[in-house]
Amino acid sequence: MKMMKGALLAAALMSVAVTVHAQQLPLPMAASPEEVGLSSEQFKKLEAVTKAHIDEGLLPGAVMLVARRGKVAWVSVQGKRDVASGDPMKLDSIFRMYSMTKPMVSVALMQMVEEGKLQISDPVSKYLPEIGKMKVGTEVTGADGKKELHLSDPTRAMTVQDLLRHTSGLTYGSSGTTLINQSYVDAKIGDRSFTVEQMVSNLSKLSLKFNPGDRWEYSVAVDVQGRLLEVLSGGKKLHDVLAERIWQPLGMVDTGFQVPADKVARAAQPGPRLNGQPMTPRFKVDDGAPYESGGGGSLSTMADYLRFTSALANGGAFQGKRIIGKQTLAFMTADHTLNRPGRPAGLGFGLGFEVRTRIGDSAIEGSVGEYGWAGNAGTIFWIDPKEQLIAIYLVQVSDPDRVALRNQFRTMVQAAIID
């Protein structure tokens, strides 16, 4: 009898949780995952694995969601929003999205292409003249054994398309140990005390790592896109550009580059790592920093990001608000890297998104045509047009842990597809 009462109580609590989630999310809830061809049992396994990670201290908490055919099939909220305070994770917790900011910026820039304000074949220097002064730096070792850069003119101009697909010749300071990578560190590229305009000015004084178009390398290119948006909008701040073009039309009420004082208590915080290992530093969500990083500075919630991804999954529109044309989106989610070196096997890159080009070459399951991206603190999303599926994983973990966690999420979600 006690077991039956316990089961009934658990079922009642689950029903209440589903109802609360349904009220907070912009898509209707499916009656069960099976209604949309997904497995409840597989999601239970994913929840158990996540709970084990939380119990052992690998991550503080998580908000996870899978939608299919226009309905939320499964949503799970686990662990702590803030280990220090003991506050539980909630569906409306606000996460540092880091590089999941990039697709939003790229969509806004492509809106301007649709409006005739620019073409992706345009040289970036047409709008940001200082970028046109950058030379290509080739690292050589002198007779004295010291490394130095030999500078040369690029073989062609950096284009807007190069920025969108990461073939610009730019890099991240933290992604290598070359003289050029170190120059980014020395110039404090990405420092939150600079404005976007100041960052681009500082960047333009450095060297390109390679000739634009030669290869793919992840970089500050989307931060430069953010500056392009500011210039092309007549001097508006990036926050205002994104708010007017994407966040407000889609009803993304909790997304921005700073968390206002009345919402700070909702911010998901990283917790201590196992065995006293150092935690990757994360920016303060309310530090008032002037830097609005198009490459990694936004904060958002599950409900807000589901609005954005739902618009993409629906061909560019959601709840009557179109943010991008259907053909433009198809162009953005095609592979624009082709045979250039730098991308993992089977995974190309479009204009703002990673794009799956083959199934077997990659170590991660998925469909050809699936696209998405991830964030530095462990977040990830992808959209699978073939399977009509959206998956979003929101956590705040350390750099050494993020890839394994989100890859595990990806493979376990793929296993949930049963029809």
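The values are calculated or read from the model by the stated rules, or taken from the named source; none is laboratory data. Note that the structure is a prediction, hence the values are computed from the model and not measured. FYI the Cβ positions are ideal-geometry reconstructions off the backbone, even for glycines, and counts take in every protein chain you see.
The residue of the range 260-304 that is surrounded by the fewest Cβ atoms within 10 Å (Cβ to Cβ), among those that are assigned to a loop (DSSP other than H, G, I, E, B) and β-branched (V, I, T), is T280.
One residue stands out among those in the range 56-113 that are among the basic types (K, R) and either part of a loop (DSSP other than H, G, I, E, B) or surrounded by 24 or more Cβ atoms within 10 Å (Cβ to Cβ) (or both): the one that is farthest from the chain's Cα centre (by Cα), which is R69.
Among the residues of the range 109-136, the one identified as touching a Phe, Trp or Tyr at 6+ places or on another chain (Cβ under 9 Å) and more than 14 Å from Q225 (Cβ to Cβ) is V136.
Restricting attention to the range 185-198, the residues that are touching a residue at least 40 places away in the same chain (Cβ under 8 Å) and either under 14 Å from K237 (Cα atoms) or over 21 Å from the mean Cα position of the chain (by Cα) (or both) total 4. Residues that are surrounded by fewer than 18 Cβ atoms within 10 Å (Cβ to Cβ), out of contact with any Ser or Thr (no Cβ under 9 Å at 6 or more places or on another chain) and farther than 19 Å from Q198 by Cβ within the range 235-259 comprise Q248, G251, listed in sequence order.
Inside the range 331-355, residues that are under 20 Å from F210 (Cα atoms), of a type in the set (S, T, N, Q) and at pLDDT 95 or above make up a count of 1. Within the range 162-207, being closer than 30 Å to A334 by Cα and either among the acidic types (D, E) or in contact with a Pro (Cβ under 8 Å, 6 or more places away or on another chain) (or both) holds for D162, T167, S168, G169. Report, by residue number, each residue of the range 120-161 that is part of a strand (DSSP E or B) and free of Cβ contacts under 8 Å to residues at least 12 places away in the same chain. Of everything in the range 120-161, those that are part of a strand (DSSP E or B) and free of Cβ contacts under 8 Å to residues at least 12 places away in the same chain turn out to be V140, T141.
Counting only helices (runs of 4 or more DSSP H) wholly contained in the range 171-249, the ones carrying 2 or more residues that are at pLDDT 95 or above, touching a strand residue (DSSP E or B) at 6+ places or on another chain (Cβ under 9 Å) and of a type in the set (A, V, I, L, M) occupy 179-186. The residue that is surrounded by the most Cβ atoms within 10 Å (Cβ to Cβ), among those in the range 183-198 that are in contact with a Gly (Cβ under 7 Å, 6 or more places away or on another chain) and not aromatic (F, W, Y), is V196. Look through the range 296-346, keep the residues that are charged (D, E, K, R) and within 30 Å of M199 (Cβ to Cβ), and return whichever of them is farthest from the chain's Cα centre (by Cα). Result: R340.
For the range 267-289, a residue qualifies if it is charged (D, E, K, R), under 19 Å from K80 (Cβ atoms) and modelled with pLDDT of 90 or more, and the qualifying residues are R282, K284.
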